[in-house]
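Chemist: Here you go, one structure.
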Number of protein chains: 2
Amino acid sequence: MPQPSAPRKTLGRPPRISREEIIATARRIVDEGGVGRLTMRRLAAEVGSTPMALYHHVRDKEELLVLLLDDYAARTLRRPRLPDHPRERIVVAATAIHEALAACPWIVEVLTADDLLSTSALWFVEQIVDGLVGCGLPLDRAVHGYRAIWYYTAGEIVVRTTAARRRADDDRATYREQVFADLDPSELPRLTQAADRWAPLTAEDTYRDGLQALVDGLLARR
Amino acid sequence: MPQPSAPRKTLGRPPRISREEIIATARRIVDEGGVGRLTMRRLAAEVGSTPMALYHHVRDKEELLVLLLDDYAARTLRRPRLPDHPRERIVVAATAIHEALAACPWIVEVLTADDLLSTSALWFVEQIVDGLVGCGLPLDRAVHGYRAIWYYTAGEIVVRTTAARRRADDDRATYREQVFADLDPSELPRLTQAADRWAPLTAEDTYRDGLQALVDGLLARR
DNA sequence: AAGAGTTTCTGTACATGTAAGAAAAGTTAG
DNA sequence: CTAACTTTTCTTACATGTACAGAAACTCTT
């Protein structure tokens, strides 16, 4: 594992490519042609190197994607002015993260990553935890609350993005319709009742609603 | 796309393998050696066929995994006796799904799938939607509520499983510690305060707590 | 200057998912 | 029986991520 920033100045063969260059190029490729265009070989070619040389600056492709997400977050996550009221602060902070992530759909493959994303996102985490504390939760419950919010947020993005990808697929969309058409009304009355409205209902963006409900619920358990 | 069950009885070359056989064998491989052992080549070999022959019974590996999950759900999802009170019913139904899914960690790759999983899970969806309606929500809000619960549930499993996978990795664990050690206490006071407790706190299983909070919040917005 | 040590890069090789097309094994029409 | 047709299977081939082994390009020591 080469250190991201080696302590010594120059020792050994001098590098011809840098992690920054790799990330910048990867970003360009993704911006131009989507994450599907990003292969280690193509990236190496564009950087003017060989595939395996990349592996001295990046552990594997997954880490590259995480770095790409970090980079994206650092560049686009602007700190909004937050309301004074702690509950509102939580909602606004979480929504800001959600919006930023939802705007770049290729992250789904990385999103499954971890609880706290890049360093640039820490401020938002802080705001959420602090907001929960400000509403009267003890610190440990606030951390748990933040995690619940993160689960909800990550889940929403992952599920929604993947669903959108599938909806583009005729066969699978047809399969879903079939499931709803074949419902047994006596055993599944509510689903039958909602069957024809299901598609539009699930297409609605209800992230904020659910978030507020979750926050309310978390605060009510004080 | 070959139909899962062709209308005509016999026409063309008779199949030597069936989708069921494929799924059963895949299940065995996964049970024995984890999902990492499941490759199309190995599966073909164990079935006594060639890799490409599988593709006449299964669209691609992802579909195979979805089918595997369906199969798993159909075999292990037992319907628990649900409480009468609708709110409790929601919590118990969701927890049952969550437990079943959390018990088979390989699904993460599929979980990102869709809102409703296999047919066997529909009953649970019904219970949740019906519980929400029983608590006074109109049907469309109940569907939205169910989706929020599903986002939370899927997110919890995906994030937690991936986090566990990474925790096995020393480098990444160290990196995380580093992030917490380097916090600026003046800018991120809460995180600093929680820094040393973060690892144990996030290791706790708080699914149920968060779920109840979410349900409470959903019901409070009646 | 020669060697040792260190880091980066290159070349080759393998496992994987799967696309494309040919071949095989039936059924049915003539 | 032969030819056409259909469905399944097999063969071959390619793109991809990445392991491994060494070569290359430096600095530091002697």
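The values are calculated or read from the model by the stated rules, or taken from the named source; none is laboratory data. Predicted model, so just to flag it, every value in this text is computed and none were measured. Here the Cβ positions follow ideal geometry from the backbone for every residue, glycine too, while neighbour counts run over all protein chains shown. Just so you know, the surface numbers come from the protein's heavy atoms only, side chains and all, with ligands and any DNA or RNA stripped out. Shrake-Rupley method; radii C 1.70, N 1.55, O 1.52, S 1.80 Å.
Chemist: Relative contact order for region A:19-59 using alpha-carbon pairs under 8 Å, separation at least 6, rounded to a whole percent?
Modeler: The value is 36 percent.
Chemist: For residue A:50, tell me the accessible area in Å² from a 1.4 Å probe, rounded to the nearest 10.
Modeler: 80
Chemist: Averaged across the residues of B:186-195, what count of C-beta atoms belonging to other chains lies within 10 Å of each residue's C-beta?
Modeler: Mean shielding count: 5.
Chemist: Could you list, bin by bin from short to long, the percent of Cα-Cα pairs of region B:129-191 in 10 Å steps?
Modeler: The calculated distribution, bin by bin, is 19, 23, 24, 18, 16, 0.
Chemist: Put +1 on the Cβ of each Lys and Arg and -1 on the Cβ of each Asp and Glu in chain A; which of A:82, A:10, A:154 then has its Cα farthest toward the positive end of the dipole?
Modeler: Checked the options; the winner is A:10.
Chemist: A further question follows. First check a/c for region A:121-162, with a ≥ b ≥ c the square roots of the eigenvalues of its C-alpha gyration tensor; if it is under 1.5, answer rounded, and if not, answer prolate when a/b is larger than b/c or oblate otherwise.
Modeler: Taking the square roots of the gyration eigenvalues as a ≥ b ≥ c, region A:121-162 is prolate.
Chemist: Oh, and also: Can you compute log10 of I(q)/I(0) for chain A with the Debye formula, treating each Cα as one identical point scatterer, at q = 0.12, 0.16 Å⁻¹?
Modeler: Those come out to -0.83, -1.12, one per q.
Chemist: Once you average over the residues of A:196-205, how many Cβ atoms of partner chains fall within 10 Å of each Cβ?
Modeler: Neighbouring Cβ atoms belonging to other protein chains average 3 per residue here.
Chemist: Can you work out the accessible area per residue across chain A, with the rest of the protein chains kept in place, probe 1.4 Å, in square angstrom?
Modeler: Each residue of chain A exposes 50 Å² on average to a 1.4 Å probe.
Chemist: I've got another one for you. Starting from the Cα of residue A:199, step 7 Å along the direction of its Cβ; do the same at residue A:53; then give the gap between the two resulting points in nm.
Modeler: About 5.1 nm separates the two model spin labels.
Chemist: Sorted from shortest, what are the nm distances separating the label point of residue B:75 from equivalent points in the other copies, each placed 7 Å from Cα along Cα to C-beta?
Modeler: Those separations, rounded to one decimal, come out as 4.7 nm.
Chemist: Follow-up question, since we're still on this one. Please state the charge dipole magnitude for chain A, taken about the Cα centre, from unit charges on C-beta atoms (+1 on K and R, -1 on D and E), reported in debye and rounded to the nearest 20.
Modeler: The calculation lands at about 1000 debye.
Chemist: I would also like to ask the following. Restricting to Cα atoms and excluding each atom paired with itself, what does the Kirkwood estimate give for the protein assembly as shown in Å?
Modeler: In the protein assembly as shown this quantity evaluates to 23.9 Å.
Chemist: Could you state how much accessible area is buried at the B-A interface, both sides summed, with a 1.4 Å probe, in Å² to the nearest 100?
Modeler: 6200
Chemist: Would you compute, from DSSP H runs of 4+ residues alone, the mean residue ellipticity of the protein assembly as shown at 222 nm, taking -39500 (n - 2.57) per run and dividing by the full residue count, rounded to the nearest 500?
Modeler: When only DSSP H runs of four or more count, the value is -22000 deg cm²/dmol.
Chemist: Mind grabbing the accessible area of residue A:52 for me, 1.4 Å probe, Å², rounded to tens?
Modeler: The accessible area comes out at roughly 130 Å².
Chemist: Find which of A:214, A:93, A:180 sits farthest along the positive direction of the dipole of region A:79-220, computed with +1 on the beta-carbon of Lys and Arg, -1 on that of Asp and Glu, about the Cα centre.
Modeler: Positive-most Cα among the choices belongs to A:93.
Chemist: Next question, about the same structure. Which distances, shortest first and in nm, link residue B:18 to the matching position in the other copies, using label points set 7 Å out along Cα to C-beta?
Modeler: Listed shortest first, these distances are 6.2 nm.
Chemist: How far apart are the residue B:181 label points across copies, placing each 7 Å from Cα toward Cβ, in nm, shortest first?
Modeler: Label-point separations across copies, in nm and ascending: 6.2.
Chemist: Counting only protein heavy atoms, what percent of the accessible surface of region A:82-222 is carbon or sulfur at a 1.4 Å probe?
Modeler: On region A:82-222, the fraction of accessible area on carbon and sulfur atoms equals 51 percent.
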